[in-house]
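The values are calculated or read from the model by the stated rules, or taken from the named source; none is laboratory data. Predicted, not measured: the structure shown is a model, and the values here were computed from it. Cβ atoms come from the backbone with ideal geometry, glycine included; neighbour counts cover every protein chain shown.
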Amino acid sequence: MAFPPAHILVGFGAAEVVRAALPLPKWPARVVAASLAILPDADIVIGLVGEHAGSAYHGTFTHSIFATLVVALVARVVAGKRWGVLAGAGYGSHLLVDLLDERGKTNVLLGWPFTKEYADGLAKVFPIVPFEQGHGAVPAALSLFRPEVFSQLAIQTAIGAAMLGGLLAAAWLVRRARASG
């Protein structure tokens, strides 16, 4: 599973690709898409609030195409078609990043509510971050400062930055094609 920095960077890049095709204000679009790129992981909070472990719901209904469509539809109804497209791209970018997990079998339940089968990864791109799990939020957070954990998090962030670079290049190409066409 990728951590928030990678999700935020890819969500930011998704905003730029959408903005290249549809007129949207720069910073609001970037902030919305990057925020929505980490929203699927709110399912961890749902687990913490309930009587379950924080990861009890992680990778369930919030990590589905259905959830992506709901977010896009709500944004469309509230703010219009362009914002709906942006919301779908930002939220959906989270699923794409999670489908690039090194584990192979992902935490993405793409077909929910129609299937409870987790998707296989598309490629092993994002390394596993071996942070402390199962002993509470504080030990998990503190484990991020261990060298072996921090280095994997840094690698994930660098990969997210490289993906951002690719998305910015794609946005530039779209803008150039629109200007010449």
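At-a-glance table
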item	result
Gln152 polar (S, T, N, Q), farther than 29 Å from Leu69 by Cβ and either surrounded by 13 or more Cβ atoms within 10 Å (Cβ to Cβ) or modelled with pLDDT of 95 or more (or both)	yes
Filter result for the condition that a residue is more than 24 Å from Leu69 (Cα to Cα) and either in contact (Cβ under 8 Å) with a residue 24 or more places away in the chain or of a type in the set (A, V, I, L, M, F, W, C) (or both), over Leu173, Leu86, Leu167, Leu110	Leu173
Residue count, region 96-110 (criterion: more than 17 Å from Pro5 (Cβ to Cβ) and in contact with a Pro (Cβ under 8 Å, 6 or more places away or on another chain))	0
Selection count where residues are in a loop (DSSP other than H, G, I, E, B) and touching a residue at least 40 places away in the same chain (Cβ under 8 Å), scope region 10-42	3
Residue check, Leu142 of a type in the set (A, V, I, L, M), in contact with a helix residue (DSSP H, G or I) (Cβ under 9 Å, 6 or more places away or on another chain) and surrounded by 12 or more Cβ atoms within 10 Å (Cβ to Cβ)	no
Within region 75-107, considering residues that are in a loop (DSSP other than H, G, I, E, B) and of a type outside the set (Lys, Arg), the one farthest from Val32 (Cα to Cα)	Gly104
Tally, over region 57-105, of residues that are of a type in the set (Val, Ile, Thr), surrounded by fewer than 22 Cβ atoms within 10 Å (Cβ to Cβ) and farther than 23 Å from Trp27 by Cα	3
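Results for (1) modelled with pLDDT of 95 or more; (2) within 19 Å of the chain's Cα centre (by Cα); (3) of a type outside the set (Gly, Ala, Ser), shown as yes or no for each residue.
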position	(1), (2), (3)
Ala21	yes, no, no
His52	no, no, yes
Gly59	no, yes, no
Val70	yes, yes, yes
